[in-house]
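Engineer: Mind having a look at this structure? Questions to follow.
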Amino acid sequence: MITRIFSLKLFFIFLISSPDLILAQQSLQSPAEYLGYELGEHYTPHHRVLSYMQHVAANSDRVSLHQYGTTYERRELVYLIVTTPGNQTNIEEIRLNNLRITGQEEGEPTDLQKAIVWLSYNVHGNETSSSETAMKTLHALADPGNRHLERWLENTVVILDPMLNPDGRDRYVNWYNQMEGVDFNPLIDAREHHEEWPGGRSNHYYFDLNRDWAWQTQVETRQRVNIYQEWMPHIHVDFHEQSYTAPYYFAPAAEPFHKAITDWQREFQTTIGENHMTYFDEQGWLYFTREVFDLFYPSYGDTWPTFNGAIGMTYEQAGHGLAGRGIIIPEGDTLTLRDRLTRHHISGMSTIEVTSQHVRRVISEFRSHFHRAMNNPDGDYKTYVVKADNHPDRLYALLRYLDDQKIRYGLAGASRNVEAYNFQTGETESTRVGENDILISAYQPQSQLIRVLFEPRPELADSLTYDITAWEAHYRFGIDGYALTRRMEPDTRVSPEQYRDFKEIGDAGEPYAYLVPWKSMDDARFLADILDKGLQARFSRVPFSIDDQAYDKGTLIITRAGNSMENFDQLVIDAAREHARQLHRAETGFVATGADFGSANVRLIETPDVAMLMGEGTVSTSAGEIWHFFDRQLEYPVTVLNTQRFSDIDLAQFEVLVLPSGNYSGVLTDDAVDRLRDWVQNGGRLIAIGTANGVLAGKNGFNLSTKLDETDVPDEPEALLKPFGERERDAVQRANRGSIYRITLDPTHPLAFGYDDAYFSLKLDANAYTYMENGWNVGAAKPGAHMSGFIGHEAKANLEQTLTFGVQVMGSGSVIYLIDNPLFRGFWENGKLLFVNSVFFVGQ
């Protein structure tokens, strides 16, 4: 048992022993003194939290404040460094020494090495207690009256990020402050306990920032990760809230642990948890460990730091958006905001204490972790190969991502024969690594993260996991490659920029048309750009060749005919240069093979007015994914329609309507579905994503049908005697926890232009739909399609021979069924072109 050097009472008293101390305490105000109310009496909005942080930094020589970015709604993102004044003077040397330990900074570290504890608060906006906690914890650490803390801060640097998601938190706080009266109402039925859609959990674009740590699709995450990588802390805590009826949760975490997690990372999170137990036991507070919150999915605020060498942990306090400032819990007591922030405060301080007590081993094990990564990495696979003949845009996207993760790579430099796991086939086979293939060796500082991101079919110790179970980078980016059990080191450095650049093919002058191949999101962004500039573009529905160049289906053809503006050539060239496109100047519309540019097989892209539904009845994260895609990725205008006004909206003003996942309860009534069907028949294109397909299935005029569960047969009498304790594991057999499927595509259909006949899809549930008898089954899950990730055996059997992507012609319009969501969390890069095709190509 750890020897305790402080008691809970010391958190709440001030020790005054000298005139200098009295003067320091008079200049440094407590949160209550500064805000004018005790923490927990009111919610504190972002600008006042920030103001208090600035006050503490200005009045304490233990604290410095640094802005690291802004949110989409332009709120400041800051972090604070808390340590002794002496350490503050040498803080840059401390930081660089720690990076030298990781091998990501050159040179040998000096003896000035400190433990680094990073505390992250309020990644979920409506889990509000933690930003209040941040103020309490910062004051306790900065207060010179708390002299016992000087011993911790002498050997430990504490970094506090007081609010990871200011936009979401202010959305909740501003709403709650409008709902509350003179005092809070603790009854669960009171309106202050029921947020309006979309709630405050997510950021501006309704992304869950605690699912974005590894993918870094959101501006808040990207800016935060940049600073995190400049420090590489030894300990990282992510403060959360869970159901108001639950007790407190802290480490050790639940199984499954990813196999990449080391023995030390398991051991020390248990040590930290044991320290918390002493304080919680003293107060008689309920808590639990080793349940619910596992460490498998790599993009949490506990796992991504873990896979970057830290002891990453989630702490969960009862509360969440339902709790407000006070709520009656099942035991009959009232859980208050002050109760919640106090427990978070204690667990945070306990984390700093136990780290300080074990500082030598914490630093030593951290050093060993990276030494082992560079010299004897864990895992079966030691090298990952990315083939040189992948499309350059996909290579560029992958390498940019690797750079962001501080993962090193390079060219093979020589050819050799190897035995390797083929990601395309899922089999081990003999193959040849070419001299220009890209190698990612496991022998480097980020070895643990590489294993997690690239390892085929990671082993799942327990099927009762919290999130998706597959995400491998080859599938995610749509690239061919291999995994090798032998070590191969890159010979030549290479950069992403070497894989794409603006290039013109053909004679100078004024061509008949400009051609741009259609293979990637960069081509899609180019198209969106020129359409926004008022240019007309066409696409070919068949392959063709011209000037000894072969072009595939989907190739963009921008003819001079129909583009009469004087600066036509400059607009096209500027857009191609901006998006680093290959631009072919065609002197004629007559092709060597295929369809001439005036053929009916070369279709005009009528610039569509696009709308999407958003609001009650839709899944906020799915709606946000679509909104963010148009707004920030494709940069093409979309009109967001509120579901509550759907019956009043004239759909004739739009060519495309996107339905996010949702149940559409009270929205897509029978009358509303009739209106949708009429609109499609008159030329509209309806795109249904994820669970929105289930709402349309079986409706009059819609050809989509759910597949009957072939495993759902009456149980034998003995089988009905199922043990209650096995109910969760029994349900798992019918579940899909997010797995990767090899989908067979019809690449002749416009929905699949830019793809080959195989696409690796992230399948998120076990919902199964039959092939359409009257429609185009563009993407199908055939037998043996499952490639990676957990899926129950009953669900796996039922998903065989099912529709994944389909198109139904309905009158003059089309319905596009995207059963798998290609925009999920914004990180499945290879799926995005499918969605673009549904917007611009299908039905044209």
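Engineer: If you plug each phi of region 761-777 into the Karplus form 6.51 cos²θ - 1.76 cosθ + 1.60 with θ = phi - 60°, what whole-Hz ³J(HN,Hα) values come out, in order, with x for Gly and Pro?
Structural biologist: 10, 8, 9, 9, 8, 9, 5, 10, 10, 6, 4, 7, 7, 10, x, 9, 8
Engineer: Which value, in Å² and to the nearest 10, is the accessible area of Arg95 when all protein chains are kept and the probe is 1.4 Å?
Structural biologist: 30
Engineer: Rounding to the nearest 10 and keeping the result within 0 to 90°, find how far the Cα-based axis of helix 670-681 lies from the longest principal axis of the chain.
Structural biologist: Its long axis makes an angle of about 40 degrees.
Engineer: Further question: Averaging over all projection directions, find the projected area of the Cα convex hull of region 205-306 and quote it in nm² with one decimal place.
Structural biologist: Mean shadow area of the hull around the Cα atoms is 7.5 nm².
Engineer: Across 5 Å bins from 0, what is the distribution of all Cα-Cα pair distances for region 258-414, in whole percents?
Structural biologist: 2, 6, 12, 15, 15, 13, 10, 8, 7, 6, 4, 2, 1, 0, 0
Engineer: Which values of log₁₀ I(q)/I(0), to two decimal places, follow from the Debye formula for region 84-172 at q = 0.25 Å⁻¹ with a uniform point scatterer at every Cα?
Structural biologist: The Cα Debye sum returns log10 ratios of -1.12.
Engineer: Also, I was wondering about something else. Report, to the nearest whole %, how much of the accessible area of the chain belongs to carbon and sulfur atoms, 1.4 Å probe, protein only.
Structural biologist: After summing per-atom areas, the C and S share lands at 45 percent.
Engineer: Per residue, how much accessible surface does region 28-148 expose to a 1.4 Å probe? Answer in Å², no decimals.
Structural biologist: 34
Engineer: In deg cm²/dmol, rounded to 500, what helix-only [θ] at 222 nm does the chain give when every DSSP H run of at least 4 residues adds -39500 (n - 2.57) and the total is split over its residues?
Structural biologist: It comes out at -9000 deg cm²/dmol, rounded to the nearest 500.
Engineer: May I ask you to give the average projected area over all directions of the convex hull of the Cα atoms of region 402-469, in nm² rounded to one decimal?
Structural biologist: Computed as one quarter of the Cα hull surface, the answer is 6.2 nm².
Engineer: Shifting gears a bit: If you take every DSSP beta bridge whose two residues both sit in the chain, what share of them, in percent to the nearest 5, is antiparallel?
Structural biologist: Restricted to the chain, the bridges split so that about 65 percent are antiparallel.
Engineer: Take every Cα pair under 8 Å in the chain that's 6+ residues apart, average their separations, divide by the length, and report that relative contact order as a whole percent.
Structural biologist: 10
Engineer: Sorted from largest to smallest, which semi-axis lengths in Å does the alpha carbon gyration tensor of the chain give for its equivalent ellipsoid, taking the root of 5 times each eigenvalue?
Structural biologist: They are 48, 32, 28 Å, listed largest first.
Engineer: While we're here: Going by amide H atoms built from the backbone, whose H comes under 5 Å of the H on Asp547, apart from near neighbours?
Structural biologist: Ala592
Engineer: Here's something else I'd like to know. Using DSSP to define loop residues, name the GluC sites (Glu not before Pro) in region 557-623 whose beta-carbon has at most 15 other beta-carbon atoms within 10 Å.
Structural biologist: Qualifying residues, ordered by number: Glu566, Glu587, Glu606.
Engineer: Among the lysines, which fall within straight-line cross-link reach of Lys136, defined as a Cα-Cα distance under 19 Å, with same-chain neighbours fewer than 8 residues apart omitted?
Structural biologist: Lys9
Engineer: For Arg361, project a label point 7 Å along Cα to C-beta. Then give me every residue of region 231-272 with its amide nitrogen under 15 Å of that point.
Structural biologist: Answer for this model: 263-272.
Engineer: Which of the GluC sites (Glu not before Pro) across region 191-264 are loop residues per DSSP, with 16 or fewer other Cβ within 10 Å?
Structural biologist: Those that pass, being in a loop and sparsely packed, are Glu196.
Engineer: Helix 91-102: angle to the longest alpha-carbon principal axis of the chain, degrees 0 to 90, nearest 10?
Structural biologist: Taking Cα atoms only, the helix is inclined about 60 degrees.
Engineer: Moving to a separate point now. Against the longest alpha carbon principal axis of the chain, how many degrees, from 0 to 90 and to the nearest 10, is the axis of helix 219-231 turned?
Structural biologist: 50
Engineer: Going through the cross-link list Lys553/Lys796; Lys382/Lys503; Lys553/Lys699; Lys707/Lys782; Lys387/Lys832; Lys533/Lys763, which pairs have a Cα-Cα distance over 25 Å in this structure?
Structural biologist: Lys553/Lys796; Lys382/Lys503; Lys553/Lys699; Lys533/Lys763
Engineer: Under 5 Å between amide hydrogens, which residues at least 5 positions from Met810 or on another chain qualify, with H placed 1.01 Å from N in the peptide plane?
Structural biologist: Amide H neighbours of Met810, under 5 Å, 5+ apart: Val815.
Engineer: Can you work out the Karplus-derived ³J(HN,Hα) for every residue in region 477-485? Use 6.51 cos²θ - 1.76 cosθ + 1.60 with θ = phi - 60°, whole Hz, and x for glycine or proline.
Structural biologist: Each residue's phi maps through the Karplus curve to give 9, x, 10, 8, x, 9, 10, 10, 7 Hz.
Engineer: Using the reciprocal of the averaged 1/r over all distinct C-alpha pairs, how large is the Kirkwood radius of region 437-561 in Å?
Structural biologist: 19.0
Engineer: If contacts are Cα pairs under 8 angstrom and at least 6 residues apart, what is the relative contact order of region 341-451 in percent?
Structural biologist: 35
Engineer: Still on this structure: Given the whole protein assembly as supplied and a 1.4 Å probe, what does the accessible area of Ser620 come to in Å², nearest 10?
Structural biologist: Answer for Ser620: close to 30 Å² accessible.
Engineer: Let me ask something additional. Between Asp480 and residues 5 or more places away or on another chain, which pairs have amide H atoms under 5 Å apart, with H built 1.01 Å from N, and which residues are they?
Structural biologist: Placed amide hydrogens put Lys387 under 5 Å from Asp480.
The values are calculated or read from the model by the stated rules, or taken from the named source; none is laboratory data. Computed from a prediction, not measured in an experiment: that's the story for all the values here. Positions of Cβ are backbone-derived with ideal geometry, glycine not excepted, and every protein chain shown enters the neighbour counts. Just the protein is used for accessible areas: all its heavy atoms, side chains included, with ligands, DNA and RNA removed. Shrake-Rupley method; radii C 1.70, N 1.55, O 1.52, S 1.80 Å.
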